[in-house]
Amino acid sequence: MSQKNRLGTGGRIDRTTPLKFQYNGKTYTGFQGDTLASAILANGIDVVGRSFKYSRPRGVVAAGAEEPNAVLQLGATEETQVPNVRATQQELFDGLTSQAVNGWPNVDNDMMSWVGKLGGKMMPPGFYYKTFMYPKSLWDTYESMIRKAAGLGRSPLENDPDTYDKVNQHCDVLVVGAGPAGLAAALTAARSGARVILADEQSEFGGSLLSSKELLDGKPATSWVKSAVDELAGCADVLLLPRATVNGYHDHNFLTIHERLTDHLADKAPVGMVRQRLHRVRAKWVVLATGAHERPLVFSNNDVPGCMIASAVSTYINRYGVVPGSELVLMTTNDYGYQAALDWHDAQRKVVAIVDTRQNPQGARVEQARKRGLNVITGSAVIEVQGSKRVSGVSVATIDAAGNKVTGAVNRLNADTVASSGGWSPVIHLSSHTGSRPVWDDKVVGFVPGPTVQKQLTAGGINGKYSINEALSEGVLAGLNALAKLDLPATEVVLPSAADMVEEASMTLFQIPHLLPTSKAPKQFVDYQTDVTAAGIEVACREGFESIEHVKRYTAMGFGTDQGKLGNINGMAVAAKALNKTIPETGTTIFRPNYTPVTFGAMVGRDCGELFDPKRYTAMHKWHVEHGAKFEDVGQWKRGWYYPKPGESMQECLDRECKATRDSVGILDASTLGKIDIQGADAREFLGRIYTNAWAKLAVGKCRYGLMCGEDGMVFDDGVTSCLGDNHFLMTTTTGGAPRVLEWLELWHQTEWPELDVYFNTVTDHWSTLTISGPNSRKLLSELTDFDLSNENFSFMDVHQCTVAGVPARVFRISFTGELSYEINVQANYGMHVWEKLFEHGKQFNLTPYGTETMHVLRAEKGFIIAGQDTDGSVHPHDLGMSWCVSDQKPFSYVGKRGMARQDCMRENRKQLVGLKTKEPKVVIPEGSQAVFDPNEPIPMTMVGHITSSYYSANLGHSIAMGVIKGGLSRMGETVYYPQADGRVIEAEICSLVFLDPKGERQNV
Amino acid sequence: MSDLESNVEVVAKAAVMNQLPADGSGVRAESPLFHAELEVLAKQGPQQGGVHLRENKLQGHLTLRCNQNNPDQLAAVETVLGLALPIQPLTAVVKGDISIRWMSPDEWLIVVPGEQTFDIESCFRDVMTGHYSLVNGSGGQTIIELWGPDVVSLLKKCTPIDFHPTQFPVGKVVSSIFAKSGAVISRTGEDRFELVIRRSFADYLWLWLQDASREYGLVIEV
């Protein structure tokens, strides 16, 4: 039974290149040029899935993006699993492995199908809302069952081996869709030298022309397609993107295109190739030539495999050489639908009947059918289909002229295929992404794009212009319009033409009447993928859902991965009828990006793994790595955290680093601190306004600590700023705060004080900062410089220029540890050299590298704050006990002065930063612990503060903590309690923040 | 070196220092991409490919901020560099081994041979008048030269800038996002570009460029 539905000749497939593929574990053969769907149909496979809610067998319905049923799981291995692939859009390749996603345990023998048989009463619309919402605690259980039964595909459990990326594009005109209208638009624009991108979701350009039998200038339409594509390919500024779906139309004419570069080649992308690419396009103008989707009719059991849309039948025959059945019944409301029966007949298969809902059709195609001797039954409809896993027959009856009721006797006809055509729905998705509301057009019997809100033009099927001649001329017109808007001269484009065919008006009909009322008749499906029936929509309307948006949410119509491409208009028509309104009165249907599902791979691009986020390194990073540093993320910086020796625990390592620094000398890579060079005659004045303390008298060569507050008076950054010259300062900021502080300075300068002569420049990356700290730091430094380091010549808070290890340096005698410290700044290209020299000479002093953790402990021993750790945006300088760092004597105000003077900032009992010493010296209070005064108070307890920093201090032999306590500064010596989640209560005494060397003698030696 | 070892107090308005080690000091300079070992890759890596990359390292990077409406300052720049400040936004000028990139209406990046940095900086301090700032950022950034038939395709993966010759002719310069970092991008030839990137981001961008150029083939040159 090999390819029983394949024709011997015809179609755009290569019969000399057979391809093996797997579907549900069985191996089949198709041909190069097939889609997975055409190959499935060629092999006579009827069932491609089970429906979402009722578990009914479903077959291929369509031939393109609108396919609701043939949504398969692909992948030969675990790592290459891809869910949600429409078989109609997946090109066949040798070795393709596919699986139906719903059907438990399998599609042919589905344990859930009893639900479907028991039918509507078991699962009315709103079933999930009504049934599974209570008790709420069981939802997780329900959900996993529903998911398993519904079968929504699955993601791979292993990492995707393929590469996906993104690329930015710019063009004058982006043409979406390469059917007749799109090709004509692109040609028109390209000939005038415009930069054009032409994108189409299919493997080859041509759109409807690829499956059309109509002639252009007497020649097959595809020969014109070829010449048009060849010409476009020869234009320098034209980018042709086949296999590329324009999925989203965003603000400012920004569109996203999902291009599949290798999905048609193999399970995994060939070596060196990118699998999928997301194009981010900024287009000056967009021409939407997206065409239209045929609408199926809604009739009883219209979901039995074998029921298809009429144009898909033609496409499978003409493009793929596949006749998806033996005996066809066609039901149509229009002339164009006849084409399916004509093609079927020409393929030498039996057309049982053409059932036309119109009373007296006489159009050109109708006459062609009659001439071929086909059985045309008018004024009638297929009211019901028989069969379960495949159509076995149909019931045909006469209906009234309005299509509201059955008027005559029912005839049974045998058939295995029912094609239906209810007319066409323009593909307005992209247009509605922009926020443009579609407009109902009675003549088109569909929604067309409404007034555009972007630089958007439309052509062809999207406007309800379906004939080839109309599509071609609309395409040229759109191209010319775009050129005019772009102010580019137009070049003439001569179009081929097709023979005009007399086409009569179609009948406006969506739902076929049944003998029984809709609620009692066998199911009439509106949305296949979410199993929404006409009866379900009626129920929703009866239950009071009048807006189509509510009906959709209640029934789930349009909520599948196909976004209801086939069903939405039919559903609106059913709702309109139930509500006794017109379709436009019921509402409009709009769509959101994306048009078809986009893989996570394409969305992520290369921003994953090592490239997920930039990692910033200092010039000495390699040394840290080689010396076993553990790293801490500070913003995007990788900072050395601690440097454990083999077998050393983190605490042991910290103890060693802390002690070595206080006993001899330690070294910290402080290069990540933000550094801002400030120059200008008003630099000093500016500093006075931006910092809380005074800067007027800072002498050249001197450094000063400063606090920076927001307008609210709350501390947001701190650091040391040095005066390098009368008009020249160097500000340091916290590592994470550097960009924010620079922006803050620019903001105040540019918006508030532009009259101040001052410029700011970041020099963070320019300087490597090597901080040596500890009693032996002077001795160490003196080994590498001739400069007089005596306390008299180089005092605390001085900055001097000198040469260190042969490299010119700026050395700052400032200290974050309370020890004698030198911050050596050299141009970063020489940072590693100086660092290594320090170690060469540091051996004798047991020079010990330390990271951020030891830095935190050492500064906490001195009670120095870390902005962002001990402050949280609700703490002002006085709360920190840092009133010494606030000067209200400055002639001009400063940022935060007014904020600090607010009533709430002045009140008693604010949370204030204090030191905390545990009663048990070895117990370290967890950071974040809440403080209470009365440990016996019943829950909820009155919380009076929390711990901001907490460590074990090896130098002091006990734990130390910093934290805020209500009124803490006036509670010295009092006891507070920190109840823990495990029931322990840690007792601590409020004390000074300065645990070590309260007089600050160590740093002044 | 004794003149160097002075307290900054002797410098009146702004502290200018020669930041380079003395000639013959044997001090090793490590550019931001030092650890990528580009010299080794240039020898051992592919010799053919669609994208070529070279680090133009250890140049002098001076950021000048001044007033483009001040004719004295414009004249001073020309005196010092023999090259006029590009006032036209988004343009760069090159003369010999000196280039100036327009960065913003009051900011320019002047790139000079590394060893001339201090002299040029000092010369500016002598000649420039009025309110301005000049900052040596040589250690904080490096220049990456990219060229080859696929260089534009590569750049399109990295930044949203339009590189069509009508939009981005030779001589244009922009500062923009580059991958998840940033770069100053200038076009120096039809298929030739320069990126000025920050030191701390250099490794990330080096990884990114290797990855993005994989499909074209990357040739390292020195």
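Just checking: which of the strands (runs of 3 or more DSSP E) contained wholly in the range B:61-154 hold 2 or more residues that are farther than 22 Å from B:R187 by Cβ and touching a residue at least 60 places away in the same chain (Cβ under 8 Å)?
Those strands (runs of 3 or more DSSP E) span B:133-136.
For the range A:322-356, which residues satisfy the criterion of being among the aromatic types (F, W, Y) and either under 21 Å from A:Q3 (Cβ atoms) or buried (at least 24 other Cβ atoms within 10 Å of the Cβ) (or both)?
Within the range A:322-356, A:Y338, A:W344 qualify.
Any residue at all in the range A:242-255 that's surrounded by fewer than 24 Cβ atoms within 10 Å (Cβ to Cβ), out of contact with any Leu (no Cβ under 8 Å at 6 or more places or on another chain), part of a strand (DSSP E or B) and within 12 Å of chain B (Cβ to nearest Cβ)?
Checked against the condition, which is being surrounded by fewer than 24 Cβ atoms within 10 Å (Cβ to Cβ), out of contact with any Leu (no Cβ under 8 Å at 6 or more places or on another chain), part of a strand (DSSP E or B) and within 12 Å of chain B (Cβ to nearest Cβ), the range A:242-255 yields at least one hit.
So, A:A236, is that one within 30 Å of B:D211 (Cβ to Cβ), more than 32 Å from the chain's Cα centre (by Cα) and within 12 Å of chain B (Cβ to nearest Cβ) or not?
yes
How many residues are touching a strand residue (DSSP E or B) at 6+ places or on another chain (Cβ under 6 Å) and either hydrophobic (A, V, I, L, M, F, W, C) or part of a loop (DSSP other than H, G, I, E, B) (or both) when one looks only at the range B:48-60?
5
Return the residue satisfying two criteria in turn: it lies in the range A:650-689 and is acidic (D, E) and closer than 23 Å to A:P775 by Cα, and of such residues it is surrounded by the fewest Cβ atoms within 10 Å (Cβ to Cβ).
Within the range A:650-689, the match that is surrounded by the fewest Cβ atoms within 10 Å (Cβ to Cβ) is A:E652.
Just checking, which of A:G564, A:G605, A:G560, A:G587 is surrounded by 17 or more Cβ atoms within 10 Å (Cβ to Cβ) and either at negative phi or assigned by TED's automatic domain parsing to the domain that holds A:S311 (or both)?
A:G560
Restricting attention to the range A:820-856, which residues are over 13 Å from A:L784 (Cα atoms) and within 14 Å of another protein chain (Cβ to nearest Cβ)?
A:N825, A:V826, A:Q827, A:A828, A:N829, A:Y830, A:G831, A:M832
Go through (1) within 14 Å of chain B (Cβ to nearest Cβ); (2) in a loop (DSSP other than H, G, I, E, B); (3) of a type in the set (A, V, I, L, M) for A:L265 and report which single condition fails.
(1)
From A:T771, A:T817, A:T764, which residue is more than 13 Å from chain B (Cβ to nearest Cβ), outside any strand (DSSP E or B) and buried (at least 24 other Cβ atoms within 10 Å of the Cβ)?
A:T817
Within the range A:751-761, is there a residue that is within 10 Å of another protein chain (Cβ to nearest Cβ), in a loop (DSSP other than H, G, I, E, B), crowded, with 16+ Cβ neighbours inside 10 Å and in contact with a strand residue (DSSP E or B) (Cβ under 8 Å, 6 or more places away or on another chain)?
Scanning the range A:751-761, I find at least one residue that is within 10 Å of another protein chain (Cβ to nearest Cβ), in a loop (DSSP other than H, G, I, E, B), crowded, with 16+ Cβ neighbours inside 10 Å and in contact with a strand residue (DSSP E or B) (Cβ under 8 Å, 6 or more places away or on another chain), so the answer is yes.
Among B:P160, B:P165, which is the only one that is surrounded by fewer than 21 Cβ atoms within 10 Å (Cβ to Cβ), assigned to a loop (DSSP other than H, G, I, E, B), more than 8 Å from every other protein chain (Cβ to nearest Cβ) and out of contact with any Cys (no Cβ under 6 Å at 6 or more places or on another chain)?
On inspection, the qualifying residue turns out to be B:P165.
If you take the residues of the range A:489-539 that are of a type in the set (D, E) and more than 30 Å from A:A181 (Cβ to Cβ), which of them is surrounded by the most Cβ atoms within 10 Å (Cβ to Cβ)?
A:D531
Helices (runs of 4 or more DSSP H) wholly in the range A:587-695 with at least 2 residues that are in contact (Cβ under 8 Å) with a residue 12 or more places away in the chain and more than 43 Å from the chain's Cα centre (by Cα) - which ones?
Qualifying helices (runs of 4 or more DSSP H): A:650-663, A:683-690.
Restricting the search to the range B:189-211, which residues are in contact with a helix residue (DSSP H, G or I) (Cβ under 7 Å, 6 or more places away or on another chain) and of a type in the set (A, V, I, L, M, F, W, C)?
Passing the criteria: B:F193, B:I197, B:W206, B:L207, B:W208.
Among the candidates B:G189, B:G171, B:G137, B:G148, which residue alone is touching an Asp or Glu at 6+ places or on another chain (Cβ under 8 Å), more than 18 Å from A:G605 (Cβ to Cβ) and more than 8 Å from chain A (Cβ to nearest Cβ)?
B:G148
Looking at A:V741, A:V799, A:V811, which is the one that is under 50 Å from the mean Cα position of the chain (by Cα), facing chain B (nearest Cβ under 10 Å), farther than 21 Å from A:C658 by Cβ and outside any loop (DSSP other than H, G, I, E, B)?
A:V799 is the lone residue from the list that is under 50 Å from the mean Cα position of the chain (by Cα), facing chain B (nearest Cβ under 10 Å), farther than 21 Å from A:C658 by Cβ and outside any loop (DSSP other than H, G, I, E, B).
Which residues, counting only those in the range A:333-346, are among the polar types (S, T, N, Q) and either touching a Gly at 6+ places or on another chain (Cβ under 8 Å) or part of a loop (DSSP other than H, G, I, E, B) (or both)?
The answer is A:T333, A:N334.
Every residue in the range A:5-56 that is basic (K, R) and at pLDDT 95 or above, please.
Once the filter is applied, which keeps residues that are basic (K, R) and at pLDDT 95 or above, the range A:5-56 yields A:R6, A:R12, A:R15, A:K20, A:K26.
Could you check how many residues of the range A:849-902 are acidic (D, E), in a helix (DSSP H, G or I) and farther than 21 Å from A:F995 by Cα?
Qualifying residue count for the region: 0.
Before we move on, is A:A681 closer than 21 Å to A:L742 by Cα and within 14 Å of chain B (Cβ to nearest Cβ)?
So A:A681 fits the description; yes.
Tell me the strands (runs of 3 or more DSSP E) entirely within the range A:908-1005 that contain at least 3 residues that are under 30 Å from A:G774 (Cα atoms) and among the aliphatic types (A, V, I, L, M).
Output list reads A:911-918, A:958-966.
Restricting the range A:614-647 to residues that are of a type in the set (V, I, T) and surrounded by fewer than 23 Cβ atoms within 10 Å (Cβ to Cβ), which is farthest from A:G674 (Cα to Cα)?
Of everything passing the filter in the range A:614-647, A:V625 is farthest from A:G674 (Cα to Cα).
Take the conditions out of contact with any helix residue (DSSP H, G or I) (no Cβ under 6 Å at 6 or more places or on another chain), modelled with pLDDT of 95 or more and either farther than 30 Å from A:S768 by Cα or among the aliphatic types (A, V, I, L, M) (or both) and apply them to B:R214. Does it pass?
no
For the range B:34-68, name all the residues that are more than 11 Å from chain A (Cβ to nearest Cβ) and within 21 Å of B:N136 (Cβ to Cβ).
B:E55, B:N56
The values are calculated or read from the model by the stated rules, or taken from the named source; none is laboratory data. Worth saying up front: this structure is predicted, and the values here are computed from it rather than measured. All Cβ positions, even for glycine, are placed from backbone atoms using ideal geometry, and neighbour counts span all protein chains on display.
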